[in-house]
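The values are calculated or read from the model by the stated rules, or taken from the named source; none is laboratory data. Predicted model only: the values in this text are computed from it and were never measured. So basically every Cβ, Gly included, is an ideal-geometry build from the backbone, and we count neighbours across all protein chains shown. Surface areas here come from the heavy atoms of the whole protein model, side chains and all, with no ligands, DNA or RNA. Shrake-Rupley method; radii C 1.70, N 1.55, O 1.52, S 1.80 Å.
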Amino acid sequence: MRKPRSKRSVNRKSPQRKSGKRGIPLGWVIGFVILLGLCFSVYHYRTVLAYYFSFKSKHSLSTSASKVEEAHVFQVLSRHPHYVFGFDVSEYQGDIAWEKVSTVADTFQLHFVFIRATAGKDKVDARFKTNWASARKQKFIRGAYHYYRPNENSILQAQNFIRQVALEKGDLPPVLDIENLPKVQSMDSLKVGLKRWLTTVEAHYGIKPIIYSGESYYTDFLAKEFKGYPFWIANYNFFVESPKENWLFWQFSEKGSVSGIQGLVDINLFQGTPKMLHYQLKH
């Protein structure tokens, strides 16, 4: 006879499902955050995008500036309708048709202009006299600037500026443009020279000069020792959309397009209203 098989008690439990709802997959969360960020960026830069795709401006690209660079100019100016806009020129802009100069990007009215007068101890800008007189004739608020050469005598540089520039009522204060580091002198010696230029020019015109420089130069070398002077700061960063509190003037682009001027032009913003700009003028 066959032996009966012994029965094994097998207690097989069916797998239990976890109770409760499953969480949202991490990938979905990340994708949602990315999409939200993209939507925010599109909304924030809607003016730039509209300009880029020519939805909001008929301005045609007539210089070597890229469409993105032109859109940046449009974005900054659009964000500050209550500020005052201007530009700056030198002999490098060539023969300017001043009677045609009125707007930047075919849209925003220009009210002031900085004009290079001198550089170093003996250089006179070849177009200064013409530009200076023409700006006055076209009723622009005008300012003259001196390009400072670190390795040349500061008093001679101040005298060079004073000989060429006769400020009148309604003109902006004189401007000291310092951009380069010295090659043979120390930074302490450079600062002494800058102060001599500033005090000499202030004594002659009876008004405190403006200092122009790049933001990094200002932060590293000028901010502490030249506190109390008005500053005109250059910063072309695409993601910087407003001037900082201590920037009286902000040069935010070197690739603007201005009617009446061939080629690229520096574009500036005065951080204030026309009435506030009036108080900066030489009376």
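Its Kirkwood hydrodynamic radius, worked out from the mean inverse distance over all distinct Cα pairs, puts region 57-194 at 16.8 Å. Taking a Cβ cut-off of under 13 Å around W197, the surrounding Lys, Arg, Asp and Glu residues balance to a net charge of +3, with basic ones at +1 and acidic ones at -1.
On a per residue basis, region 109-149 carries 43 Å² of accessible surface, using protein heavy atoms and a 1.4 Å probe. Take the Cα of D220, step 7 Å toward its Cβ, do the same at T103, and the gap between the two points is 4.0 nm. The calculated FRET efficiency for the pair L156 and M276, based on their C-beta separation and a Förster distance of 41 Å, comes to about 0.70.
Give the carbon-plus-sulfur fraction of the accessible surface of region 63-186 in %, rounded to a whole number; probe 1.4 Å, heavy atoms of protein chains only. The partial results should precede the final answer.
Numbers: 2600 of 5400 Å².
So the carbon and sulfur contribution to the accessible surface is 48 percent.
Work out the FRET efficiency for N235 and L26 from their Cβ-Cβ distance, taking R0 = 51 Å, and round it to the nearest 0.05. Result of the calculation: an efficiency of 0.85.
Taking 0.36 nm per intervening residue step and subtracting the Cα-Cα distance, what contour gain separates A126 from H82 on full extension? Let's see the in-between values first.
Working: separation 44, 0.36 × 44 = 15.84 nm, distance 3.46 nm.
The A126-H82 span can extend by a further 12.4 nm.
In region 95-198, the DSSP beta bridges split such that about 30 percent are antiparallel, to the nearest 5. Taking a Cβ cut-off of under 10 Å around Y92, the surrounding Lys, Arg, Asp and Glu residues balance to a net charge of 0, with basic ones at +1 and acidic ones at -1. Ignoring aspartates and glutamates fewer than eight residues from K224 along the same chain, the ones with Cα atoms less than 19 angstrom from its Cα are D177, E179, D188, E215, E245. With a cut-off of 16 Å on the backbone N, the residues of region 126-152 near the modelled label site 7 Å out from R196 along Cα-Cβ are 148-152.
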